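Participant: Structure provided below as structure tokens; questions to follow.
The values are calculated or read from the model by the stated rules, or taken from the named source; none is laboratory data. Here the structure is a predicted model, which is why all the values come from computation and not from measurement. All Cβ positions, even for glycine, are placed from backbone atoms using ideal geometry, and neighbour counts span all protein chains on display. In case anyone asks, the SASA skips ligands and DNA or RNA and just uses the protein heavy atoms, side chains included. Shrake-Rupley method; radii C 1.70, N 1.55, O 1.52, S 1.80 Å.
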Amino acid sequence: TDETDNTWDLRHLVTLYGAQKMFMVGEVHGSNEIGIVSSVILDALGSKKLVNVLGYEFPNDFEPYMQGYVDGENVPDIEQYIKEMAPNMFAAILTEKARELTKKGHAITVAAVDIPAYPESPYADIVALASKLTSQKNTVLATLPNVQTPPQSADFAQVNAYFDQFVSHKTQICTELSADDCDALNAKVHAFWAATLAYDESEAQSELWFERREEAIYFNMHNKMRAPGDRMFLHMGAFHTNKGAASAGSR
């Protein structure tokens with residue numbers, strides 16, 4: 001399949017994309033046809049070297065393993081994870097297409113922009129960023145809960161309290177950080193909260209949960225677009241690509 005065959009005529013899409021930095025696809029998850037179309041678009045753009053970053057709604061802590069797989073490495077856990085999905089689910093079909101493009105010499109960087117599947121990853125990031133602090137270091141670390149996996153009800157309460165404390169002291173904390181490190185710390189605290197509360201049936205999927213999760217998603221997207229030559233093909237659920245105030249895509 002290419003951009004001019006009888007099934008898919010992508011010439012207008014490719015032309016409209018032009019010099020833009022991001023080609024964004026939004027869908028209702030599980031739409032079989034959208035995954036197929038998306039992979040064809042990625043192939044057309046990637047083959048023309050119009051994109052070099054593949055972003056999608058996939059757990060951020062899986063990113064190094066996804067990248068290894070796309071680079072051609074043998075990563076059994078990722079291979080098994082992909083096999084368990086429907087073949088045309090975007091995370092499966094786009095990963096396979098990125099691996100194929102990379103093998104052909106069109107190297108693709110993976111941007112797994114969703115919150116991590118487990119709280120350990122943002123916890124470690126918070127600790128690392130706190131090492132750059134002086135008088136505010138204790139503010140960030142003293143009450144940081146070491147959450148177990150899977151998180152329990154006691155963890156939910158502690159993480160909620162920690163989040164509120166961070167927000168109330170964010171201005172003072174950020175006086176000791178660069179703007180980039182402040183953004184990173186804010187995103188990691190949001191990711192830590194959302195990754196933990198994802199296990200709370202009363203909170204997960206709530207409007208507040210989506211809103212705070214979106215802060216982390218936006219940071220992860222933006223962080224993968226810093227180099228002048230970075231151009232991203234982004235496939236996300238429709239919530240993240242709409243023009244609502246909380247949407248990462250709208251920013």
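Participant: Over the range 1-78, with every protein chain in place, what whole percent of the accessible area is carbon and sulfur at 1.4 Å, could you tell me?
Facilitator: 53 percent
Participant: Then there's this: Give me the 1.4 Å probe accessible area per residue for the range 39-124, excluding ligands and nucleic acids, in Å².
Facilitator: Counting only protein heavy atoms, the per-residue value for the range 39-124 is 43 Å².
Participant: Additional query: Which distance in nm do the two modelled labels at Asp180 and Arg251 give, with both placed 7 Å along the Cα-to-Cβ direction?
Facilitator: With each label placed 7 Å out from Cα toward Cβ, I get 1.7 nm.
Participant: State the volume of the convex hull built on the alpha-carbon positions of the range 30-103, expressed per residue in Å³ and rounded to an integer.
Facilitator: 80 Å³
Participant: Which entries in Lys21/Lys97; Lys137/Lys188; Lys21/Lys132 show an alpha-carbon gap greater than 24 Å?
Facilitator: Going by Cα-Cα distance, Lys21/Lys132 fall outside the 24 Å limit.
Participant: Rank-order 231-238, 154-161, 16-23 by packing density, defined as the average count of other C-beta atoms within 10 Å over each peptide's residues, highest first.
Facilitator: Order by mean packing, descending: 231-238, 154-161, 16-23.
Participant: How high is the relative contact order of the chain, in percent, with contacts defined as C-alpha pairs under 8 Å that are six or more residues apart?
Facilitator: 27 percent
Participant: Give the peptides 142-149, 48-55, 183-190 in descending order of average Cβ contacts within 10 Å, highest first.
Facilitator: The densest-packed peptide leads the list: 183-190, 48-55, 142-149.
Participant: Compute the convex hull volume of the Cα atoms of the range 108-251, divide it by the residue count, and report the result per residue in Å³ as a whole number.
Facilitator: Per residue, the Cα convex hull of the range 108-251 comes to 121 Å³.
Participant: Against the 2.2 N^0.38 Å scaling, with N counting residues, where does the chain land? I'd like the Cα-based Rg ratio to two decimal places.
Facilitator: Compared with the compact-globule rule of thumb, the chain sits at 1.07.
Participant: Okay, next question. Which three numbers, in whole Å and largest first, are the semi-axes of the equivalent ellipsoid of the range 180-233 derived from its Cα gyration tensor as √(5λ)?
Facilitator: 25, 12, 7
Participant: Report, please, the projected area of the range 16-157 averaged over directions, based on the convex hull of its C-alpha atoms, in nm².
Facilitator: Over all viewing directions, the range 16-157 projects a mean Cα-hull area of 11.6 nm².
Participant: Mind jotting down the distance between the C-alpha centroids of the range 62-82 and the range 161-235, whole Å?
Facilitator: First find each Cα centre; the distance between them is then 25 Å.
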